[in-house]
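Notes follow the structure.
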Amino acid sequence: MTAEQAVHPSSNDSGDTGEALPGLFSRQHAAATLTFATVMFLTGFAALAVVPTLPTAAEDLDGVPLFPLVAGSFVAASLLGGVLGGHWADRSGARRPLALGMVLSVVTLLVSASSLSIWQLVVGRFVDGLAAGMVAVSVTTAIGQSYPEYLRPRMLAMMSASWIIPSLVGPPIAGVVAEAWSWRVVFYGLAALTALPAVALVAVLRRAPAGDDARAADLPPAEERASRPPLLVAALLSLGAALGQYGVSGWDTRHLLFVAAGVALLVVFAPRLLPAGTWRSARGLPTAVLLRGLTSGTYFTVEALVPLMLITERRVAAVTVGVAFTASAVLWAVASWVQGKLLQDIARHRLVTVGALVMAASVVFAVVGSFSGVSPLLAMAAMPLAAIGMGMLDPCVTVLSLSHSAPDRLGHTTSAMQTNMNLGQVVVLAFATAVLNAGLAAGASRLGGYAIAFSLLLVPTLLVAVLAVRARKDANP
């Protein structure tokens, strides 16, 4: 995408009147902007408070070996939720899947809070992933449907900014509550805090947001839009992701069979939900979707394994780890704002390359911070540094993806992005966990195993830096 394409709308958007272009809070877009920002605020508050408590919960439930499954079940369900939400949004608009996702997000907090075993926690995280997949795809689709191209980078930056306040108060408070009382109180408290706002939001979403009428005029009739979602394919893909995450939790024949079954399902069914040529980095949309998977997989693995190592091996307080989550969310939002406001004249694919190199530097921090003679704060710094890279590149990847999509296929495109994002998280975390367990089986120390696992993450980050140019707007097959 050129600088001019990134900043200015087409002649259809701007017209020839010379009038100022409408902004995010103009009369035309204000209602949609406030609605989407509210969704991100609620989602961010719950997510940022829950994630730092998961290692503590897994340890309390005697389920540390199954922690990859706790994290991976969320991702596996997001695959199904993303496909369902994306196709639903294409057929009838984004409001209904968004509303259902918000209701499910409250239900999952209650399921997780009452966990009597690690397996119930896995179920809770699965439901949460289903909700998160629907919400993420619905919001991104709604942005593509409701805003002209020149406003999309700014709106995506605002989505990140909506996490700032939750990031400032969520993780530290969750850490204090988990240490002073219980991690269960965190889940119950979040359910109580978000229930009424979620119900109110559902009521608001019953009314069509600004831009829906205009969008409907531009789209083909419903019978010409996306076909029914391949739910069976998505369900089997989710099953494969879950089997793979469970399989890498051990290093024996039984676990390896689960890994083999999971990999087989992923290889057979994943291509059916992705643009042709995604895994071979075909120019245009396929590469943009591939970049989403590689970057999110790297970041998710850093966010999952670094806190686990710090809490269970380095005995860093949960409150301190919560501060790292706070810093990560704030810096992600700041970096996202910078790319959307201050760096808007730079081609999007170039910013993706820069963000990927920043993430590669964060991986080096995680590796070095894994050594026993080094302060654990160095490994902790990997989290906010990776967030800077993601804040810079993630909105750019989204803008590039939407720029390659037809108006009536925005839901399909965002669904593919969400699918490969979740696949990337599953695959990268699974590989890192397998490397960790293989190192332990070979006699390496636990910290040494983490260092080896983190080293693996250099591969996807450097691939993104090299392949980003193939996703630029004029990079058509």
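The values are calculated or read from the model by the stated rules, or taken from the named source; none is laboratory data. Since we're looking at a predicted model, the values are computed, not measured. Cβ coordinates were reconstructed from backbone atoms using ideal geometry, including for glycine residues, and neighbour counts include every protein chain displayed. Heads up: the accessible areas ignore ligands, DNA and RNA and are worked out on the full protein's heavy atoms, side chains in. Shrake-Rupley method; radii C 1.70, N 1.55, O 1.52, S 1.80 Å.
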Considering only helices (runs of 4 or more DSSP H) wholly within the range 256-372, the ones with at least 2 residues that are over 30 Å from residue 405 (Cα atoms) and at pLDDT below 90 are 285-312, 318-341
query = If you check residue 289 against the conditions, is it of a type in the set (A, V, I, L, M, F, W, C) and buried (at least 18 other Cβ atoms within 10 Å of the Cβ)?
reply = yes
Listed by first then second residue, the pairs whose first member lies in the range 329-350 and is farther than 28 Å from residue 50 by Cβ, whose partner is assigned to a helix (DSSP H, G or I) and open to solvent by 50 Å² or more (accessible area, probe 1.4 Å), with beta carbons under 6 Å and at least 6 positions apart or on separate chains, are 349/469
Q: Would you mind stating whether residue 440 is surrounded by fewer than 19 Cβ atoms within 10 Å (Cβ to Cβ), touching a residue at least 12 places away in the same chain (Cβ under 8 Å) and within 14 Å of residue 299 (Cα to Cα)?
A: no
Residue 255 vs (1) touching a residue at least 24 places away in the same chain (Cβ under 8 Å); (2) open to solvent by less than 30 Å² (accessible area, probe 1.4 Å): all pass except (1)
Is it true that residue 264 is of a type in the set (Gly, Ala, Ser), at negative phi and surrounded by fewer than 23 Cβ atoms within 10 Å (Cβ to Cβ)?
yes
Heads up, the helices (runs of 4 or more DSSP H) in the range 43-132 (entirely inside) with at least 3 residues that are modelled with pLDDT of 85 or more and more than 29 Å from residue 384 (Cβ to Cβ) are 95-113
Screening 162, 182 for residues that are at pLDDT 80 or above, open to solvent by less than 40 Å² (accessible area, probe 1.4 Å) and either among the polar types (S, T, N, Q) or on the phi > 0 side of the Ramachandran plot (or both) leaves only 182
Q) Quick check: is even one residue across the range 409-430 buried (at least 17 other Cβ atoms within 10 Å of the Cβ) and more than 19 Å from the chain's Cα centre (by Cα)? A) yes
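Each row is one residue, and each column tells you yes or no for (1) under 27 Å from residue 444 (Cα atoms); (2) touching a Gly at 6+ places or on another chain (Cβ under 9 Å); (3) open to solvent by 10 Å² or more (accessible area, probe 1.4 Å).
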| residue | (1), (2), (3) |
| --- | --- |
| 325 | no, yes, no |
| 332 | no, yes, yes |
| 351 | no, no, no |
| 376 | yes, yes, yes |
Within the range 83-140, of all residues that are over 18 Å from residue 52 (Cα atoms) and charged (D, E, K, R), the one least open to solvent (accessible area, probe 1.4 Å) is 90
Task: Any chance residue 400 is open to solvent by less than 20 Å² (accessible area, probe 1.4 Å), touching a Pro at 6+ places or on another chain (Cβ under 9 Å) and assigned to a helix (DSSP H, G or I) - done: no
Of the residues in the range 232-255 that are among the polar types (S, T, N, Q) and assigned to a helix (DSSP H, G or I), the one that is farthest from residue 434 (Cα to Cα) is 238
Scanning the range 42-73 for residues that are of a type in the set (Phe, Trp, Tyr) and open to solvent by less than 20 Å² (accessible area, probe 1.4 Å) gives 67
When residue 380 is run through (1) modelled with pLDDT under 85; (2) assigned to a helix (DSSP H, G or I), the failure sits at (1)
Among (1) touching a residue at least 40 places away in the same chain (Cβ under 8 Å); (2) surrounded by fewer than 23 Cβ atoms within 10 Å (Cβ to Cβ); (3) of a type outside the set (Phe, Trp, Tyr); (4) under 19 Å from residue 251 (Cα atoms), residue 458 falls short only on (4)
Expected single match for under 25 Å from residue 319 (Cβ atoms), over 15 Å from the mean Cα position of the chain (by Cα) and assigned to a helix (DSSP H, G or I) among 440, 447 is 447
Result of the Cβ filter at 9 Å on the range 365-385, keeping first residues that are free of Cβ contacts under 8 Å to residues at least 12 places away in the same chain and partners that are open to solvent by less than 30 Å² (accessible area, probe 1.4 Å) and outside any helix (DSSP H, G or I), at least 6 apart or interchain, is 375/369; 377/316; 377/369
Output for Cβ contacts, cut-off 6 Å, separation at least six or different chains, first residue touching a residue at least 40 places away in the same chain (Cβ under 8 Å) and more than 19 Å from residue 128 (Cα to Cα) in the range 89-106, second assigned to a helix (DSSP H, G or I) and open to solvent by less than 40 Å² (accessible area, probe 1.4 Å), reads 89/97; 89/138; 89/141; 89/411; 90/411
